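Here is the structure we will look at.
The values are calculated or read from the model by the stated rules, or taken from the named source; none is laboratory data. Please read these numbers as outputs of a predicted model, since none were measured by experiment. Cβ coordinates were reconstructed from backbone atoms using ideal geometry, including for glycine residues, and neighbour counts include every protein chain displayed.
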Amino acid sequence: MRSYLNVLQYFKNHFDNDEDVNTVTSANADEVTEYKQNIYPLANVLIDSAPFSGLGTTAVSVFNVELTLLDIRDNNPEPITDKIYYNDNRQDNWNLTFAILKRAINTLLKSDIEINGSSIELTSASDATRINGDFGEVLDGWVINLTLTIEETDSKLC
């Protein structure tokens, strides 16, 4: 049974192939910035729970995945003169990371997503929540929670 690893591999492959993503991690929120070699924009994939539902009826696994897309803010020490765009790139960061997130969701909405012989289906998504200067390095971006169902092609049911 490789469903957990298949989900991680799927997202790693997806974000490695996204031309706007430079780093892909799988860490808790407080660990994301511990890697000093990060090059932003960064995609963090965290499988935070696996609810058991429909036990004994089908060979599927369900995973709740938290996707976090981050970019680093370039601070400008000048006084803020534009109260829409500020004096930094936060609006650009939100725009870029939202586009990356949207591409990931649109890809998951395709009905033929498969990795290592197992099909992956997006069954629900939360609202995307904006991140504003968090994580100690002044990072901006978006976080979303997804529920994925993946069929177990190599499990044996008794």
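General remarks:
- Qualifying residue in the range 61-70 (condition: over 30 Å from E151 (Cβ atoms) and either modelled with pLDDT under 95 or not acidic (D, E) (or both)): yes
Conditions tested, residue by residue: (1) in a helix (DSSP H, G or I); (2) in contact with a strand residue (DSSP E or B) (Cβ under 8 Å, 6 or more places away or on another chain).
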{"site": "Y4", "(1), (2)": "yes, yes"}
{"site": "K12", "(1), (2)": "yes, yes"}
{"site": "E19", "(1), (2)": "no, no"}
{"site": "V24", "(1), (2)": "no, yes"}
{"site": "V32", "(1), (2)": "yes, yes"}
{"site": "I39", "(1), (2)": "no, yes"}
{"site": "N44", "(1), (2)": "no, yes"}
{"site": "S61", "(1), (2)": "no, yes"}
{"site": "L67", "(1), (2)": "no, yes"}
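- Criterion: surrounded by 14 or more Cβ atoms within 10 Å (Cβ to Cβ), touching a Phe, Trp or Tyr at 6+ places or on another chain (Cβ under 9 Å), over 21 Å from F98 (Cβ atoms) and modelled with pLDDT under 95 - qualifying residue of V7, V32: V7
- Of all residues making up the range 78-107, the number that are over 17 Å from G133 (Cβ atoms) and either surrounded by 12 or more Cβ atoms within 10 Å (Cβ to Cβ) or touching a helix residue (DSSP H, G or I) at 6+ places or on another chain (Cβ under 6 Å) (or both): 8
- The residues of the range 65-100 that are in contact with a Pro (Cβ under 8 Å, 6 or more places away or on another chain) and among the charged types (D, E, K, R) amount to a single one, D71.
- Any pair with Cβ under 8 angstrom, 6 or more apart, that starts in the range 79-94 at a residue that is under 26 Å from V21 (Cβ atoms) and ends at one that is of a type in the set (V, I, T) and buried (at least 17 other Cβ atoms within 10 Å of the Cβ): N93/I72
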